[in-house]
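Below is one structure; the comments refer to it alone.
The values are calculated or read from the model by the stated rules, or taken from the named source; none is laboratory data. Model, not experiment: these values are computed from the prediction. Please note: Cβ atoms are built from the backbone with ideal geometry, for glycine as well, and neighbour counts cover all protein chains shown.
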Amino acid sequence: MSRLPLIGVTACSRPIGLHACHISGDPHVRAVAGAAKELPPILASLAERLEPSDILDGPDGVLFTGSPSHRKRVLQRDTDASRNA
């Protein structure tokens, strides 16, 4: 029996009340669930702690939602890396 594809959905890091949360929009999750016929894992927004290969080596695919928190963290990581070079 073949398995269904594993498609991750990136999350956004946002405060909800007093807590920082990793969330993904319902339309993104439902789109992957409908196309892949599975419940997609939500990939935590930890760009400052992980290399892209750490994320991309596991699932069969990833839906990058384009969250502002992703762009901010990746830009900060790239800026820090160029300063340390």
inquiry  = Filter the range 1-44 down to the residues that are of a type outside the set (A, V, I, L, M), touching a residue at least 12 places away in the same chain (Cβ under 8 Å), farther than 14 Å from GLY61 by Cβ and part of a loop (DSSP other than H, G, I, E, B) and list them by number.
reply    = SER24, GLY25
ask   = Do we have any residue at all in the range 32-40 that's surrounded by 15 or more Cβ atoms within 10 Å (Cβ to Cβ) and touching a helix residue (DSSP H, G or I) at 6+ places or on another chain (Cβ under 6 Å)?
value = yes
message = Among the residues that make up the range 55-62, is at least one of them touching a Lys or Arg at 6+ places or on another chain (Cβ under 7 Å) and modelled with pLDDT of 80 or more?
response = no
